[in-house]
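Every number here is computed from the coordinates shown, using simple stated rules; none is lab data. A quick note: this is a predicted structure, and the numbers were derived from the prediction, not measured. Using ideal geometry, Cβ is built from the backbone for each residue, glycine included, and neighbour counts are taken over all protein chains shown.
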Amino acid sequence: MTERQLPLTPQRLAIADLLLGSESHLSAEELIETLAGKGLKVGTATVYRTIDVMLESGFIVERDRGEGFRRFEPNRELPHHEQLLCTVCGRVEEFRDGALERMTQRVADAHGYVRERHRLVIYGTCGGCARAAGLTGVATRA
């Protein structure tokens, strides 16, 4: 944080700690709410400045799910991966599938494209939420 002359305050450290330790993709609003729940009042401007510094430094990456706001996750330097997103609880499960990777290459080749990257998010209901709602015909994995 000191590269941009931002003092290392308890609020900024708490934001960084929460973002880097999260298993989910958090929005700025969720960061503020979570920190408030822990008794730490953090201003919106502080959250966004801290997020910007962490993005520029490569500690976190931005995700846009088309919700009208951005989400952030730690940059774990994972190989390319896809995501399953529960529309009920917001849980995100990341996965890799070799057959899917080969298919995207075949599709790009068939259309004369040189593939650079792709993104796949499968929206649905996770096993835990489906069981809680009494939905049938879903996988038993949670």
Of Arg102, Arg49, how do they rank once you tally other Cβ atoms within 10 Å and put the fewest first? Arg102, Arg49
What number, in percent, do you get for the relative contact order of the stretch 82-132 if the mean sequence gap of Cα pairs under 8 Å and at least 6 apart is divided by its residue count? 51
Glu94-Thr46 pseudo-label distance in nm [points 7 Å out on the Cα-to-Cβ vector]: 2.8
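Out of all Cα-Cα pairs in the stretch 1-119, roughly what percent, to the nearest whole number, are more than 23 Å apart?
Here the long-distance tail beyond 23 Å is 42 percent of all Cα pairs in the stretch 1-119.
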Prolate/oblate/rounded label for the stretch 82-132 (Cα gyration tensor, a/c 1.5): prolate
Whole-Hz Karplus couplings 3J(HN,Hα) for the stretch 48-53, θ = phi - 60° and coefficients 6.51, -1.76, 1.60, Gly and Pro as x, run 5, 5, 5, 4, 4, 5
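Quick one: Ser22, Ser27, Ser57, fewest Cβ neighbours within 10 Å first, how do they rank?
Details: Ser22 16, Ser27 19, Ser57 13.
Ascending number of Cβ neighbours within 10 Å: Ser57, Ser22, Ser27.
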Hey, what did the chain get for relative contact order, percent, Cα under 8 Å, at least 6 apart? 18
Given points 7 Å out from each Cα along the Cα-Cβ axis, report the Arg65 to Arg117 separation in nanometres with one decimal. 1.9
